[in-house]
Amino acid sequence: MLIKRWITALVLIFFLFLIVLKGSPLLFTLVMAAAASLCLLEYFSIVSVSDPIPLKIKLSAQVTSLALMAGAHYGHPELLLVLLACNTLLFSVLVFADFSGDKCSIDASARQVQALVYIPLVLALLVLMRNSQNGALFVLWLWIIIGVSDTGAFYVGRNFGRHFLAPRISPKKTVEGALGGLGAAVGGGVMFSVLFLPDISFLTAAVFALIAAAAGQTGDLFESAVKRSCQIKDSGKILPGHGGLLDRLDGLLFAVPLAYGFKVFIL
């Protein structure tokens, strides 16, 4: 299992580095659009286990997801909010055209909005970030922080974990693992910034790495809580040793909004 996990991770790292550093902005946007589409499919498959979501709502989410990616690609962050508002109007018409009087339609609508904010909106922010000044390096910095945090938490928790972090959500996660992941993220994040982003101070890099890693761990717990509430182990099987793509991106999805705000409003 660990061998599969490492092989998959190394292959992903190679292609991600290649796409971020050498790929065109259009290629990066297309990859993020494909990732958003697949993650939406996985998310809907999880939350539809006990209460199916109508196909028309899923399709409207996919269409809105593509529109969000296009808006980000052409550098219009304000358009993202407009698209989300238009999506709300659209699925309101779709849902209530055949409203049956129960709460299922409202619940399905709420899950669709959550899916859009949780996945494609966040990945659209990643596209905006990548297309900004020093964006490629900043995206890699964030990915390294989240990746190092995951790896540190896994191995520290496995070897030294004694106190459970959130047993009702994820029985295997420990406080020691979480702290180990945060420490590894700060170390890796500071090292990367010193080498490739020297204009960022040591303290700023350390604080950012710590906050981003904490957000990443929270995102991991959030997805675990969603899966556990629906009695699902993995979001999919596309990545050997990791499960679904959403299982691999769950931490990143929570860290991206903080990273985008940090880059735009603080740096």
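Numbers at a glance
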| read-out | value |
| --- | --- |
| Region 30-85: number of residues that are crowded, with 18+ Cβ neighbours inside 10 Å and farther than 23 Å from Glu223 by Cα | 6 |
| Filter result for Leu10 (of a type in the set (A, V, I, L, M), surrounded by fewer than 17 Cβ atoms within 10 Å (Cβ to Cβ), without any contact (Cβ under 8 Å) to a residue 12 or more places away in the chain and not in a loop (DSSP other than H, G, I, E, B)) | yes |
| Matching residues in region 26-51 - criterion: being touching a residue at least 24 places away in the same chain (Cβ under 8 Å) and of a type outside the set (A, V, I, L, M) | Phe28, Thr29, Ser37, Cys39, Glu42, Tyr43, Phe44, Ser45, Ser50, Asp51 |
| Contacts under 9 angstrom Cβ, first residue in region 207-234 being under 14 Å from Val256 (Cα atoms), partner among the basic types (Lys, Arg) and buried (at least 19 other Cβ atoms within 10 Å of the Cβ), 6 or more apart | Gln217/Lys173; Asp220/Lys173 |
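A quick yes/no check of all residues on (1) in contact with a strand residue (DSSP E or B) (Cβ under 7 Å, 6 or more places away or on another chain); (2) modelled with pLDDT under 90; (3) among the aromatic types (Phe, Trp, Tyr):
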position	(1), (2), (3)
Cys104	no, yes, no
Gln114	no, no, no
Leu125	no, no, no
Gln133	no, no, no
Leu140	no, no, no
Gly147	no, no, no
Val156	no, no, no
His163	yes, no, no
Ser170	no, yes, no
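A quick yes/no check of all residues on (1) in a helix (DSSP H, G or I); (2) at positive phi; (3) over 20 Å from the mean Cα position of the chain (by Cα):
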position	(1), (2), (3)
Val49	no, no, yes
Lys56	yes, no, yes
Leu59	yes, no, yes
Val63	yes, no, no
Ala67	yes, no, no
Ala85	yes, no, yes
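The values are calculated or read from the model by the stated rules, or taken from the named source; none is laboratory data. Only a predicted model underlies this, so the values are computations on that prediction, with no experimental measurement involved. When we count neighbours, we look across all protein chains shown, and the Cβ atoms used for this are built from the backbone with ideal geometry, even at glycine.
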